[in-house]
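Below is one structure, written out as structure tokens; the observations come after it.
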Amino acid sequence: MPFNILIIGGGLGGLATATSLSQAGHKVTVLESTSKLQTIGGGITIPSNSLRCWDYLGLFQRLHEAAEAKAPERRRFLRYTGEFVCDAGTREKLYKYQAIVVHRAPLQQLLVQAATEAGALIKTNTRIVDIDESGNSPVAITKDGQRIEADLIIGADGAKSTIRALLYPNVELKSEYNIYRAVIPGATFKADPELAPLLDCSTIWWGPHRVIVGIPVQNGKYYSLECCHPGNTGTAGEWNKKGDINLMKDTYSDFEPIVAKMMELVKPDDLLVWKLNSLPKLESWVFRSGKVVLLGDSAHAMLPFSGQGHAMAIEDSICLAECLSRASSTSDIPKALKMFETIRKPRTSLISAFGEGMAHTWQLPDGEEQRQRDNRYRKTPYFGTTGWDGKHVDVLPGVPPDPLFFPYMLAHDVVGFYWPPAKLERRTLGGLGLASIYRRRRTLGFSIDLMQESLHVVDNGSGGALATSLNFEGLATR
Ligand SMILES: Cc1cc2nc3c(=O)[nH]c(=O)nc-3n(C[C@H](O)[C@H](O)[C@H](O)COP(=O)(O)OP(=O)(O)OC[C@H]3O[C@@H](n4cnc5c(N)ncnc54)[C@H](O)[C@@H]3O)c2cc1C
């Protein structure tokens with residue numbers, strides 16, 4: 001049954017959800033607070049599990065056109081001194097899709113087009129400040145007092161979510177790190193024989209309490225430089241705060257000289273400084289009425305070290321559409337949202353915990369622990385995996401060195417994992433790759449088996465325990 005759905009927030013998560021729900025036939029309106037959709041941001045890695053979702057949305061081809069090229073398969077890990085640690089193929093071929101890197105601006109533009117083509121309405125300049133759940137249907141209340149009723153309201157308003165704060169006024173974002181971000185034109189690298197090779201692969205420099213990630217974007221058109229260190233500058237969700245270029249140079253002055261050379265190419269006006277945030281695991285993403293739900297960063301903001309923040313939001317969008325497709329009336333919506341949360345929470349918690357672990361591992365101070373890390377990576381490079389039979393990982397694994405972790409993270413099929421392919425028949429409309437539809441052998445109401453299946457996954461794993469007990473890579477295992 002088509003529902004009337006409001007999505008609060010026109011970021012990547014909100015727009016992907018608008019696309020998936022509109023494609024499924026729902027009437028969707030996106031309410032975005034900014035006057036126009038912001039095109040700020042740097043390179044976003046789209047890992048294989050996310051690419052599968054873009055494929056489900058029928059946007060795989062267009063995404064590759066926006067990306068202009070595939071990402072380099074190689075990823076080099078160096079110490080801050082320049083000492084080589086290991087080369088790690090990202091192995092996405094193993095996981096069916098090859099990761100790509102796209103600048104956030106074309107990514108967002110593509111989702112705006114796709115959502116609009118699918119029938120969603122996007123309203124900018126509309127800030128939601130409250131939700132009234134007292135009636136049969138939830139009502140979103142705008143800053144200027146307008147009331148907008150819907151069958152379902154989705155809070156996709158990012159890490160610093162207003163909607164989440166209505167449910168959890170005392171939950172605070174954890175913010176321990178700052179990151180300097182700059183996008184440098186690739187042409188300046190190409191002109192310099194020492195810098196040009198950096199356009200061939202991503203490079204990660206591990207330093208004591210700091211890490212630098214350099215990623216070539218769009219076939220070397222840009223080089224995305226991200227320099228992370230402990231800090232408390234700025235506020236969460238402030239995406240356009242200017243960074244101090246001299247402070248950045250000072251902070252990383254003990255890194256190998258090529259780093260200083262790259263920093264010389266950053267124009268002071270182009271340097272941003274962001275606060276990195278992560279959210280503690282929330283008790284529930286579903287509100288009291290059962291008709292308001294959190295999604296994306298508002299539900300599970302995580303550190304970027306897993307490279308999965310955007311991917312988790314896109315997976316949410318596909319999963320929510322699947323869950324809602326089982327609802328035959330508005331009274332089924334609470335069950336659909338519960339199913340969504342049951343499926344998504346363990347996975348997002350585990351991957352968030354992995355990112356926290358990576359933050360620690362990548363920034364170890366010089367010493368024995370750092371030497372052990374380097375030796376471990378030399379033996380088993382990042383993303384390396386053994387002992388995987390190519391089938392879905394159907395219980396939550398531990399984090400690396402559990403060999404099943406990377407298949408679990410990167411080969412995940414957010415539809416096929418829970419709804420076996422036999423039940424789905426996927427077609428591309430008109431062969432144009434513009435949209436996909438799914439024909440299901442629908443059953444009336446909800447499949448108890450399905451709920452049990454997803455609960456079984458939760459019971460077998462315990463992502464929650466992992467999320468809280470995990471301090472660094474390698475400690476927690478199943
Ligand atoms: C401007 C910007 C630049 C970014 N750049 C990068 C990047 O370069 N690399 C990276 O890895 N990640 C970046 N991110 C984060 C990344 O997009 C998210 O982590 C991920 O895609 C999950 O998206 P989301 O939709 O849940 O949240 P977000 O992408 O944060 O989107 C939330 C949206 O909700 C809107 N909003 C907030 N409050 C309200 C309200 N009360 N009413 C209505 N609308 C509201 C915001 O304006 C925003 O558009 C960026 C996010 C933004 C907003």
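The values are calculated or read from the model by the stated rules, or taken from the named source; none is laboratory data. Owing to the predicted nature of the structure, the values given are computational and were not obtained by experimental measurement. Quick reminder, even Gly has a Cβ in these numbers, built from the backbone with ideal geometry, and neighbours come from all protein chains shown. To get the accessible areas, we keep the full protein, side chains included, count just its heavy atoms, and leave off ligands, DNA and RNA. Shrake-Rupley method; radii C 1.70, N 1.55, O 1.52, S 1.80 Å.
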task: Can you confirm whether the stretch 209-222 contains a residue that is in contact (Cβ under 8 Å) with a residue 60 or more places away in the chain and of a type in the set (Lys, Arg)?
output: yes
query: What pairs come up if the first residue lies in the stretch 367-393 and is closer than 21 Å to His209 by Cα and of a type outside the set (Ser, Thr, Tyr), the second is open to solvent by 80 Å² or more (accessible area, probe 1.4 Å) and modelled with pLDDT under 85, and their beta carbons are under 8 Å apart, counting only those six or more places apart or on different chains?
result: Arg376/Pro401
Lone unmet requirement of (1) within 16 Å of the ligand (Cβ to nearest atom); (2) touching a strand residue (DSSP E or B) at 6+ places or on another chain (Cβ under 7 Å) for Phe3: (1)
field: Given (1) aromatic (Phe, Trp, Tyr); (2) modelled with pLDDT of 90 or more; (3) open to solvent by 10 Å² or more (accessible area, probe 1.4 Å), number of the condition Phe77 does not satisfy
entry: (3)
- prompt: Based on what the data block shows, is Ile215 modelled with pLDDT of 95 or more and among the hydrophobic types (A, V, I, L, M, F, W, C)?
  reply: no
query: Filter the stretch 13-30 for residues that are crowded, with 24+ Cβ neighbours inside 10 Å and of a type outside the set (S, T, N, Q); which is nearest to the ligand (Cβ to nearest atom)?
result: Gly13
task: Collect the residues in the stretch 90-137 that are assigned to a loop (DSSP other than H, G, I, E, B), among the hydroxyl-bearing types (Ser, Thr, Tyr) and surrounded by 15 or more Cβ atoms within 10 Å (Cβ to Cβ), keeping them in residue-number order.
output: Thr90, Tyr97, Thr126, Ser137
query: Which of the residues spanning the stretch 208-234 are more than 23 Å from Lys261 (Cα to Cα) and open to solvent by 70 Å² or more (accessible area, probe 1.4 Å)?
result: Asn232
message: Quick check on the stretch 387-437: of everything there that is within 20 Å of Thr342 (Cα to Cα), outside any helix (DSSP H, G or I) and among the hydrophobic types (A, V, I, L, M, F, W, C), which residue is modelled with the lowest pLDDT?
response: Trp419
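Let's see how each residue does on (1) among the basic types (Lys, Arg); (2) surrounded by fewer than 20 Cβ atoms within 10 Å (Cβ to Cβ); (3) within 14 Å of the ligand (Cβ to nearest atom):
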site	(1), (2), (3)
Val292	no, no, yes
Thr330	no, yes, no
Thr342	no, yes, no
Pro346	no, no, no
Phe354	no, no, no
Arg376	yes, yes, no
Asp389	no, yes, no
Val399	no, no, no
Pro407	no, no, no
- request: Name, by its number, the condition in (1) modelled with pLDDT of 95 or more; (2) not in a loop (DSSP other than H, G, I, E, B); (3) not small (Gly, Ala, Ser) that does not hold for Asp269.
  value: (1)
task: Would you please name the residue that is nearest to the ligand (Cβ to nearest atom), looking only at residues in the stretch 31-74 that are modelled with pLDDT of 95 or more and among the acidic types (Asp, Glu)?
output: Glu32
- prompt: Leu337 versus (1) open to solvent by 10 Å² or more (accessible area, probe 1.4 Å); (2) among the aliphatic types (A, V, I, L, M); (3) within 30 Å of Phe405 (Cα to Cα): which is the lone unmet condition?
  reply: (1)
- prompt: Going through the stretch 294-328 one residue at a time, which ones are out of contact with any helix residue (DSSP H, G or I) (no Cβ under 6 Å at 6 or more places or on another chain), part of a helix (DSSP H, G or I) and open to solvent by 10 Å² or more (accessible area, probe 1.4 Å)?
  reply: Asp297, Pro304, Gly309
message: Could you check the stretch 208-225 and list, in sequence order, the residues that are basic (Lys, Arg) and under 30 Å from Glu368 (Cβ atoms)?
response: Arg210
- prompt: Can you name the residue in the stretch 150-195 that is farther than 18 Å from Val129 by Cβ, open to solvent by 50 Å² or more (accessible area, probe 1.4 Å) and of a type in the set (D, E, K, R) and, of all such residues, is farthest from the ligand (Cβ to nearest atom)?
  reply: Glu194
